[in-house]
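> Here it is, the structure, as structure tokens.
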């Protein structure tokens, strides 16, 4: 590993040389959750497949001449200020000598599957959250008796042997592992020893924790809260106006006391659908509100589809009514897509088949399925197929740009005005099955 770190103030007194004293890691107690993040994944694969591109700035994304957006930039390109979600035209101005490519998504999926197989060799508990990122549980005694550090070192070495690199964070829960994984990229390994989580988190800016975006950061700053340590100790009356029903869970995460579960892999049941549904504190009775809810849910579904490099053919709309019953409607699209501007339009068209004006709706759900799009595709004048054989609208580039902003700055950093009508009024549930 190029960058290996532990957070432990007692290392100097442990009686053994080096930052990874066996006495420390051999006695790791409690959960050991890792987060593996592939470094500049798409660009790294391109450099692997094109040896003459290695050491040079590589940008994967849409054409700078056609209002494209950067998907991934190699670390060589990042030194010029290029980053994901940046307009391609701007990236070209910053790094005019960069090598550009539209990308090879089937190749990315192939390498991703090989990395996930490495994790599956080490533990049956793996949560893949995107094509280049996965949580895994290597808690001693649950499935293995090895030091968690020995396991993550071996994982890193095996990934390196594929010709790409990763950064890994190791801690007692997903929040700690995620933050640790971002400490030393690329090729980093950061382990947060049991019992040091709160001290590790305390001095970090609140934005370091996922789920806290620009608006929440500003609201916290107005209340004198700038670090996770201050957030961890803040009372309910300070935090509730910012986080609502999520106040307790946010505070626990800032304290390092979150309890995380990594689900077991079921190889016989690959992901078949991806959905998002919300239960509303106040029933929706107006068509405009229900359609806005469909669009808001669809944004999340589209973002997850793109993050997982999935495109689906089938959209399902789910409603539950104020009096307890519910209905669903489904439509198969003419071409697979990850573009909410396409599948949400279909979902809105389904609304009139299962809802009548005035009927109270307490839950709305949007689901995409039918992820196998290798078969032939039929299209029409209202959609175009991109290089993946998927349907894309002119607005997809905007969605990709929003994805990048949210990935970098949190879910509250940017959004559409329609989502504001539902703030603090919903219970949200994302589902992957």
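> Kindly list the number of the only condition in (1) surrounded by fewer than 15 Cβ atoms within 10 Å (Cβ to Cβ); (2) modelled with pLDDT of 90 or more that fails for residue 279.
With (1) surrounded by fewer than 15 Cβ atoms within 10 Å (Cβ to Cβ); (2) modelled with pLDDT of 90 or more applied to residue 279, the lone miss is (2).
> Every residue in segment 68-84 that is surrounded by fewer than 18 Cβ atoms within 10 Å (Cβ to Cβ) and in contact with a strand residue (DSSP E or B) (Cβ under 7 Å, 6 or more places away or on another chain), please.
83
> Right, another one. Looking at (1) within 25 Å of residue 85 (Cβ to Cβ); (2) surrounded by 20 or more Cβ atoms within 10 Å (Cβ to Cβ); (3) touching a helix residue (DSSP H, G or I) at 6+ places or on another chain (Cβ under 6 Å), which one does residue 315 not meet, given that it meets all the others?
All conditions pass for residue 315, except number (1).
> Further question on the same structure: How many residues are outside any strand (DSSP E or B) and under 22 Å from residue 179 (Cβ atoms) if we restrict to segment 31-62?
Matching residues across segment 31-62 total 5.
> Identify the single condition in (1) buried (at least 16 other Cβ atoms within 10 Å of the Cβ); (2) over 25 Å from residue 71 (Cα atoms) that residue 299 does not satisfy, given that it satisfies every other one.
(2)
> Please count how many residues of segment 344-361 are assigned to a helix (DSSP H, G or I) and out of contact with any helix residue (DSSP H, G or I) (no Cβ under 6 Å at 6 or more places or on another chain).
Adding up the residues that qualify gives 8.
The values are calculated or read from the model by the stated rules, or taken from the named source; none is laboratory data. This is a predicted model, so every value here is computed, not measured. Cβ sites come from the backbone with ideal geometry, for glycine too, and all protein chains shown count toward neighbours.
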